[in-house]
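Here the structure is laid out as structure tokens; the discussion comes afterwards.
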Amino acid sequence: MIVLVTGGARSGKSTFAEKYAAHLGQSGVYIATAQAFDEELQERVARHRERRRTSAFCWETIEEPYALADVIRSLGQRDELAQKKAVVVVDCLIVWLSNWLICHEQDEAFARTLAQADELIAAVEDFPGTILFVTNEVGAGLVPEYPLGRMFRDLAGLMNQRLATVADQVFLLTAGIPLELKSRAFRF
């Protein structure tokens, strides 16, 4: 099962994904994509780690800022995940997308970063277990002033749309309240 959890900044996405994983499985694998380059992000990562460490749910943490598709393929081949009824949580796709966008040359960034997102989606479609993706809804704000900001917003929107298409469930969080969208979606 593929689950996409989206919403604005500080809307409760990560907390919801962790609680939902605990509801769905007996243990979890947490794939963290952030690279803690500054003090504020280091503190945020520490809070997330502590929340998982003190949880009654057993977490294995993998920190991977780039090779997300490879990690998911590797996890899909681990027999013990199925035996433990483990649920995978990826937090956060927007940070992962930013990692790739910054790493590519400006003139090739859009196509190459979108190709990374498509590779991730292909890996997810073949994943045999349950996986939850945390992402941000970034298209509801102002149009970014700079070309790189607009490119980021467009890539995030495309990636989220493509993942939502293959997801079994899509949750939107606002003020910590989850609303499942896919079952309510208009059908042609």
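Consider PHE127 against the criteria (1) assigned to a helix (DSSP H, G or I); (2) touching a residue at least 24 places away in the same chain (Cβ under 8 Å); (3) closer than 24 Å to GLY76 by Cβ: it satisfies all of them except one. Which criterion is unmet?
(1)
Have a look at THR130, THR135 and point out the one that is buried (at least 18 other Cβ atoms within 10 Å of the Cβ), touching a Ser or Thr at 6+ places or on another chain (Cβ under 6 Å), at pLDDT 90 or above and among the polar types (S, T, N, Q).
Details: THR130 fails: touching a Ser or Thr at 6+ places or on another chain (Cβ under 6 Å).
Just a single option satisfies the conditions, and that option is THR135.
Checking the condition farther than 19 Å from GLU125 by Cβ, open to solvent by less than 30 Å² (accessible area, probe 1.4 Å) and either touching a helix residue (DSSP H, G or I) at 6+ places or on another chain (Cβ under 6 Å) or not β-branched (Val, Ile, Thr) (or both), which residue from PHE37, PHE57 passes?
Details: PHE37 fails: open to solvent by less than 30 Å² (accessible area, probe 1.4 Å).
Matching residue, one of PHE37, PHE57: PHE57.
Return a yes/no flag: does region 40-47 have any residue that is in contact with an Asp or Glu (Cβ under 6 Å, 6 or more places away or on another chain) and either over 23 Å from ALA175 (Cβ atoms) or buried (at least 16 other Cβ atoms within 10 Å of the Cβ) (or both).
Taking region 40-47 and keeping what is in contact with an Asp or Glu (Cβ under 6 Å, 6 or more places away or on another chain), we get none.
Checking region 40-47: not a single residue is in contact with an Asp or Glu (Cβ under 6 Å, 6 or more places away or on another chain) and either over 23 Å from ALA175 (Cβ atoms) or buried (at least 16 other Cβ atoms within 10 Å of the Cβ) (or both).
Are any residues in region 25-34 of a type outside the set (Val, Ile, Thr) and either surrounded by 15 or more Cβ atoms within 10 Å (Cβ to Cβ) or without any contact (Cβ under 8 Å) to a residue 60 or more places away in the chain (or both), and if so, which ones?
As a first pass, look at region 25-34 and keep what is of a type outside the set (Val, Ile, Thr): 25-28, 30, 32, 34.
Result: GLY25, SER27, GLY28, TYR30, ALA32, ALA34.
Tell me the residue from ALA122, ALA117 that is under 13 Å from the mean Cα position of the chain (by Cα), in a helix (DSSP H, G or I), at pLDDT 90 or above and over 21 Å from TYR20 (Cβ atoms), please. If you could, list the steps in order and put the result at the bottom.
Details: ALA122 fails: under 13 Å from the mean Cα position of the chain (by Cα).
Only one candidate passes the filter, namely ALA117.
Would you please list the contacts, defined by Cβ atoms under 9 Å and residues six or more apart or on different chains, that run from a residue in region 11-24 that is open to solvent by 40 Å² or more (accessible area, probe 1.4 Å) to a residue that is in a helix (DSSP H, G or I)?
Once the first residue is open to solvent by 40 Å² or more (accessible area, probe 1.4 Å) and sits in region 11-24, its partners that are in a helix (DSSP H, G or I) give THR15/ARG51.
So, in region 86-127, of the ones that are more than 22 Å from THR61 (Cα to Cα) and aliphatic (A, V, I, L, M), which residue ends up most open to solvent (accessible area, probe 1.4 Å)?
The selected residue is ILE102.
At least 1 residues that are of a type in the set (Val, Ile, Thr) and under 27 Å from PRO147 (Cα atoms) in each: list the helices (runs of 4 or more DSSP H) lying fully within region 5-108 that qualify. So that I can check it myself, show each step before the final result.
Numbers: elements: 13-24, 39-53, 68-76, 79-83, 93-103.
The qualifying helices (runs of 4 or more DSSP H) are 93-103.
From the list LEU101, LEU93, which residue is touching a Ser or Thr at 6+ places or on another chain (Cβ under 9 Å) and modelled with pLDDT under 95? Even if it seems obvious, please write down each step before you answer.
Values: LEU93 fails: modelled with pLDDT under 95.
Among LEU101, LEU93, only LEU101 is touching a Ser or Thr at 6+ places or on another chain (Cβ under 9 Å) and modelled with pLDDT under 95.
Could you count how many residues in region 142-188 are in contact with a Pro (Cβ under 7 Å, 6 or more places away or on another chain), in a helix (DSSP H, G or I) and either under 25 Å from THR130 (Cα atoms) or acidic (Asp, Glu) (or both)?
So the answer is 0.
Of the residues GLU80, GLU64, which single one is more than 14 Å from ALA17 (Cβ to Cβ), free of Cβ contacts under 8 Å to residues at least 40 places away in the same chain and touching a helix residue (DSSP H, G or I) at 6+ places or on another chain (Cβ under 9 Å)?
Working: GLU80 fails: touching a helix residue (DSSP H, G or I) at 6+ places or on another chain (Cβ under 9 Å).
Every option except GLU64 fails the conditions.
When only residues in region 151-176 that are without any contact (Cβ under 8 Å) to a residue 24 or more places away in the chain and open to solvent by 80 Å² or more (accessible area, probe 1.4 Å) count, which is farthest from the chain's Cα centre (by Cα)? First the steps, then the outcome.
Start the filter on region 151-176 by keeping residues that are without any contact (Cβ under 8 Å) to a residue 24 or more places away in the chain, which leaves 153, 157, 161, 165.
Retained after the next criterion (residues that are open to solvent by 80 Å² or more (accessible area, probe 1.4 Å)): 161, 165.
Numbers: GLN161: 13, THR165: 15 Å.
Only one residue tops the list, namely THR165.
The values are calculated or read from the model by the stated rules, or taken from the named source; none is laboratory data. All figures in this text were calculated on a predicted structure; none of them were measured in a lab. We place every Cβ from the backbone using ideal geometry, glycine too, and count neighbours over all the protein chains shown. Surface accessibility is based on the protein's heavy atoms, side chains included, excluding ligands, DNA and RNA. Shrake-Rupley method; radii C 1.70, N 1.55, O 1.52, S 1.80 Å.
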